[in-house]
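A short write-up of the structure that comes next.
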Amino acid sequence: MFPLQGAQMLQMLEKSLIKRIPASLKVYGTVFHINHGNPFNLKALVDKWPDFNTVVIRPHEQEMTDDLDHYTNTYQVYSRDPQNAQEFLASPEVINWKQHFQIQSSQSDLNEVIQNLAKSKSYQVKHSQNFLYLASQTAKKLAPSLLDTKNLSPSGGKPKAINEDMFRLSPLNVTHAAFLNTFWAFGGNERSQRFIERCIQTFPSFCLLGPDGKLASWCLMDQTGETRVAGTLPEYRSQGLVSYVVYTLGQTMDKLGFPVYSHTDKSNKAMQKMSYTLHHIPMSCDWNQWHCTPL
């Protein structure tokens with residue numbers, strides 16, 4: 001195990017990961033945030049340097065004090081050679097195999113390795129696999145070969161206008177976290193609410209407030225640079241509200257230099273349509289998350 005320390009090493013890692021997008025996208029987004037303030041207090045570990053095979057991004061130990069908090073205890077993994085990553089990931093210095101945790105990656109071929117490790121460590125694993133999208137403006141800057149203009153929506157990548165007399169654009173407030181938590185497919189508990197609160201307090205976010213001043217539509221970003229937790233109240237759906245909010249957040253992130261990407265459940269046709277409208281390009285690889293629980 002080799003911890004990367006100092007700006008020069010981390011910038012070298014970031015540049016190396018750019019060359020391997022989309023497979024490295026989840027790890028690249030996280031390393032980008034480490035190199036721009038590191039607000040979630042994360043660190044990068046590689047199996048060797050500079051010619052690494054596997055890189056793992058994880059919180060520093062002092063962040064991982066709650067053994068049951070898999071939202072905080074999250075690892076992002078990229079490997080040039082997934083079939084030979086098992087020994088590195090098995091190390092207790094890399095992954096704390098005494099906690100509840102989750103692993104995130106843009107590489108589905110890590111699944112066999114993680115399932116084998118979980119079996120040997122007496123862990124139960126829930127694997128979530130969703131479509132991965134990269135915004136066209138990010139693809140243009142980082143991976144132009146992924147940008148196929150012939151398949152882009154004729155919308156120009158912009159949402160339709162909203163009724164500004166009815167809806168008001170606003171940043172999310174930390175007091176909104178409990179409400180968002182009830183709608184988040186991966187949330188619904190006290191620890192997920194704390195994670196949402198931390199994201200709202202740390203990163204750009206937007207929402208639309210309805211006529212009553214209450215939340216109508218929303219989205220935020222997490223410590224990996226991904227757009228997350230987007231949604232709209234049922235009574236306001238089919239009006240393009242979430243498209244407007246996601247577009248606004250994406251424009252803000254792009255101006256700050258952040259990568260803009262997201263994932264969508266494979267059954268969620270509405271969000272897939274939104275991604276097409278906003279010129280979010282489907283990637284050849286999937287978004288993956290393994291929720292690992294000791295038996």
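Quick check: residue separation of residue 145 and residue 182 times 0.36 nm, minus the Cα distance between them. What number comes out in nm?
Working: separation 37, 0.36 × 37 = 13.32 nm, distance 3.88 nm.
The residue 145-residue 182 span can extend by a further 9.4 nm.
Summarise the long-distance tail of P(r) for segment 158-278 by giving the % of C-alpha pairs beyond 16 Å. Each step should come with its number before you reach the end.
Numbers: 4239 of 7260 pairs.
Result: 58 percent of Cα pairs exceed 16 Å.
Note down the nm distance, to one decimal, between modelled labels 7 Å out along Cα→Cβ at residue 2 and at residue 115.
So the two model labels end up 3.2 nm from each other.
Beyond 13 Å, what share of the Cα-Cα pairs of segment 1-43 remains, rounded to the nearest whole percent?
Result for the distance tail: 51 percent.
With every protein chain in place, what's the accessible area of residue 190 (1.4 Å probe, Å², nearest 10)?
Rounded to the nearest 10, the figure is 130 Å².
Could you list, in their original order, any pairs among 98/255; 119/140; 160/214; 141/214; 48/119; 43/158 whose Cα atoms are separated by more than 30 Å?
In this structure, 98/255; 119/140; 141/214; 43/158 lie more than 30 Å apart at Cα.
Considering all projection directions equally, how large on average is the shadow of the alpha-carbon convex hull of segment 140-191, in square nanometres?
Quarter of the Cα hull surface area: 7.1 nm².
Test of understanding: what is the full-extension gain from residue 265 to residue 12, defined as 0.36 nm times their sequence separation minus their Cα-Cα distance? Intermediate results must be reported in sequence, preceding the final value.
Values: separation 253, 0.36 × 253 = 91.08 nm, distance 3.29 nm.
Working it through step by step, the gained length comes to 87.8 nm.
At what distance in nm do the modelled label points of residue 169 and residue 41 sit from each other, each positioned 7 Å from its Cα along Cα→Cβ?
3.5 nm
Using a 1.4 Å probe, what is the accessible area per residue for the chain, in Å²?
Here the residues of the chain average 46 Å² of exposed surface.
Return the single residue from 225, 250, 157 with maximal mean-square fluctuation; model: Gaussian network over the chain, springs between Cα atoms under 10 Å.
Evaluated over the chain, the most mobile residue of the options is 157.
I'd like the distance between the alpha-carbon centres of segment 83-102 and segment 250-295, rounded to an integer number of Å.
Centre-to-centre (Cα) distance: 25 Å.
What's the extension gain from residue 98 to residue 124 if we count 0.36 nm per residue and subtract their Cα-Cα distance? It would help to have the intermediate numbers written out before the result.
Numbers: separation 26, 0.36 × 26 = 9.36 nm, distance 1.25 nm.
Length gained, residue 98 through residue 124: 8.1 nm.
For 10, 147, 134, write out the residues from largest to smallest accessible area, computed with a 1.4 angstrom probe and no ligands counted.
Ranking 10, 147, 134 by accessible area, largest first, yields 147, 10, 134.
Which three extents, in whole angstrom, do the alpha-carbon atoms of segment 162-208 cover along their principal axes, largest first?
Extents along the principal axes: 36, 21, 15 Å.
Please give the solvent-accessible surface of residue 65 in Å², to the nearest 10, using a probe radius of 1.4 Å with every protein chain present.
Approximately 110 Å² of residue 65 is accessible to the 1.4 Å probe.
Mind checking the log10 I(q)/I(0) for the chain at q = 0.13, 0.14, 0.15, 0.16 Å⁻¹? Debye, one equal scatterer per Cα, no solvent, two decimals.
-0.90, -1.05, -1.20, -1.35
What whole-number value in cubic angstrom gives the convex hull volume per residue for the C-alpha atoms of segment 1-143?
Once divided by residue count, the hull of segment 1-143 is 112 Å³.
Leaving ligands, DNA and RNA out of it, report the carbon-plus-sulfur percent of the accessible area of the chain at a 1.4 Å probe.
Using a 1.4 Å probe with all protein chains present, the chain comes out at 49 percent carbon and sulfur.
Could you pull the Cα extents of segment 119-207 along its three principal axes, largest to smallest, in whole Å?
Result for segment 119-207: principal-axis Cα extents of 48, 45, 20 Å.
The values are calculated or read from the model by the stated rules, or taken from the named source; none is laboratory data. What you are looking at is a predicted structure, and each value in this text was computed from that prediction instead of being measured. Here Cβ is always computed from backbone atoms with ideal geometry, including for glycine, and neighbour counts include all displayed protein chains. For accessibility, only protein heavy atoms count, side chains too; no ligands or nucleic acids. Shrake-Rupley method; radii C 1.70, N 1.55, O 1.52, S 1.80 Å.
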